[in-house]
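Report on the following structure.
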Amino acid sequence: MTHKCKSGQHTWIFKEDAEKCCNGFRRVLVFNDPKACDNVVLDLLPGGVSYGYRWEPV
């Protein structure tokens, strides 16, 4: 099941992400700081660099 954001332009797997998208938040890419992320990607980049995303108010 997928969820649309407020504008209807973006589709998300998680309802919590859809509620923030186009609703006063933006998604930011974060490197080497998994504790600062809402969602951490399990696949590492070359050199063992971890990354993930977090929501920030616009």
Here the residues of the stretch 43-58 lying in the modelled label zone of VAL28, meaning backbone nitrogen under 20 Å from a point 7 Å along Cα-to-Cβ, are 50-58
Expressed in angstrom and ordered largest first, the alpha-carbon extents of the chain along the principal axes are 38, 26, 16
Answer in debye to the nearest 20: the dipole magnitude of the stretch 3-57 about its Cα centre, from +1 Lys/Arg and -1 Asp/Glu charges placed on Cβ, is 200 debye
Note to self, the chain gives a 222 nm [θ] from helices alone (DSSP H runs n ≥ 4, -39500 (n - 2.57) apiece, / all residues, nearest 500) of -2500 deg cm²/dmol
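None of the figures in this text is laboratory data; all of them are computed from the coordinates on show. Just so you know, these numbers come straight off a predicted model, no measurement behind them. Cβ atoms come from the backbone with ideal geometry, glycine included; neighbour counts cover every protein chain shown.
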